[in-house]
1. Which condition does residue 146 not pass, out of (1) buried (at least 24 other Cβ atoms within 10 Å of the Cβ); (2) touching a residue at least 40 places away in the same chain (Cβ under 8 Å), if it passes all the others?
2. Cβ-Cβ distance below 9 Å, separation of 6 or more or different chains: which pairs start in the range 171-190 with a residue that is free of Cβ contacts under 8 Å to residues at least 24 places away in the same chain and under 16 Å from residue 231 (Cβ atoms) and end on one that is crowded, with 16+ Cβ neighbours inside 10 Å and β-branched (Val, Ile, Thr)?
3. If we keep just the residues of the range 167-194 that are surrounded by fewer than 16 Cβ atoms within 10 Å (Cβ to Cβ) and among the hydrophobic types (A, V, I, L, M, F, W, C), which is modelled with the highest pLDDT?
4. What are the residue pairs meeting all of these: first residue in the range 275-291, first residue in contact (Cβ under 8 Å) with a residue 60 or more places away in the chain, second residue open to solvent by 80 Å² or more (accessible area, probe 1.4 Å), Cβ atoms under 8 Å, and 6 or more apart or on different chains?
5. Every residue in the range 95-143 that is open to solvent by 40 Å² or more (accessible area, probe 1.4 Å) and over 22 Å from residue 285 (Cβ atoms), please.
6. Could you list, in sequence order, all residues of the range 195-213 that are more than 18 Å from the chain's Cα centre (by Cα) and surrounded by 16 or more Cβ atoms within 10 Å (Cβ to Cβ)?
7. Within the set of pairs 6+ apart or on separate chains, which have a first residue in the range 35-46 that is open to solvent by 10 Å² or more (accessible area, probe 1.4 Å), a second that is aliphatic (A, V, I, L, M) and not in a loop (DSSP other than H, G, I, E, B), and C-beta atoms under 6 Å apart?
8. Which helices (runs of 4 or more DSSP H) does the range 83-166 wholly contain that include 2 or more residues that are modelled with pLDDT of 90 or more?
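The values are calculated or read from the model by the stated rules, or taken from the named source; none is laboratory data. Remember, predicted model here, so these are calculated numbers, not experimental data. A quick note on method: Cβ atoms are made from the backbone with ideal geometry, for glycine too, and the neighbour counts reach across all protein chains shown. Areas reflect the complete protein model, heavy atoms only, side chains present, ligands, DNA and RNA absent. Shrake-Rupley method; radii C 1.70, N 1.55, O 1.52, S 1.80 Å.
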Amino acid sequence: MENNKNGFSTVVTGVHSMSIARLELIYRLAKQPDAVPVLFVHGIFSGAWIWEEHFLDWFAQHGYHAYSVSLRGHGNSSSPDPTGQYSLKDYTEDLKDAIQAIEQNHKQPPLLVGHSMGGMVVQRFLSQHIGRGAVLLCSIPPQGMMPLSIQSLWSNPVTALEMSHTYMMPELATTGQLQRYMFSGPVEQQKLEKWLLHMVPESQQLIWDMSWRDLPNPFEVSKTPIAVIGATQDKLVPRMTVSLTAATYGCKPYWVNSGHGVMLDHNWKDAAGVVVTALAELLAKEESLSA
């Protein structure tokens, strides 16, 4: 691993045979060397930075080695395709590389937390690999984008069409749209402007993969302990979709009173607390299975 000067960000470049040349991990370590590692996986347009704003420090202070990864084409990870057309399988390979790097560092695999698209990446990974445990946070459901798109068009067609336009041309997105789509409460204009500058275009190929072409296998995913969290004021992944995901995996969803961007919203600490509760549930399941 190559560490940068602040000691909190690392670029994985040659720990094992990797699918891209450079993979960014941002991290904060707990005081306890044997703490459980957690890997946060971002959604569309963003990167590892989205977890660094609040969550990484908070989780390290609450006893977890906290990591976030930038999938290829995001953050400071490699962008091997100049057109930015990456598949769900590509992102799954990046997740696999990040997990292996963390496991090599801590001699134990991380728990996974996937937000939105990141939740789909986690599910696709778990279709092929049994994990330690995973939290699906405001996640795209295993049934893919189609039921989500139909529900969005039915319940709020203006927002659905606006979001489709933003996905196709993210460079035209405004801070007003970011506020409306992502958050439930007031956010400082300066922060909205900063976060908007960090956002990057997303792959069009990914949309087809997440719609029907490369969906996860819920039967295989269920071999890993799963927890599901939704946000009651989420305009992008509404309550019905979260409930569908939870029902698919045979669990009851946790809820946080927040918008879609739970890790940046004004009450992000509430969301962090719910994630910790879900992680504790996964660890309790792990302990009961090993007893």
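1. Residue 146 satisfies all of (1) buried (at least 24 other Cβ atoms within 10 Å of the Cβ); (2) touching a residue at least 40 places away in the same chain (Cβ under 8 Å) except (1).
2. Close Cβ pairs (under 9 Å, with a partner that is crowded, with 16+ Cβ neighbours inside 10 Å and β-branched (Val, Ile, Thr)) amount to 178/187; 179/187.
3. Step by step, filter the range 167-194, then rank; the result is 172.
4. As it stands, the answer is 276/62, since those pairs meet every condition given.
5. Within the range 95-143, 96, 100, 104, 105, 143 meet the criteria.
6. Within the range 195-213, the first condition is being more than 18 Å from the chain's Cα centre (by Cα), and the residues that meet it are 197, 204-205, 208, 212-213.
Once the filter is applied, which keeps residues that are more than 18 Å from the chain's Cα centre (by Cα) and surrounded by 16 or more Cβ atoms within 10 Å (Cβ to Cβ), the range 195-213 yields only 205.
7. Short answer, once both residue conditions are applied: 44/117.
8. In the range 83-166, 88-106, 117-126 are the helices (runs of 4 or more DSSP H) which contain 2 or more residues that are modelled with pLDDT of 90 or more.
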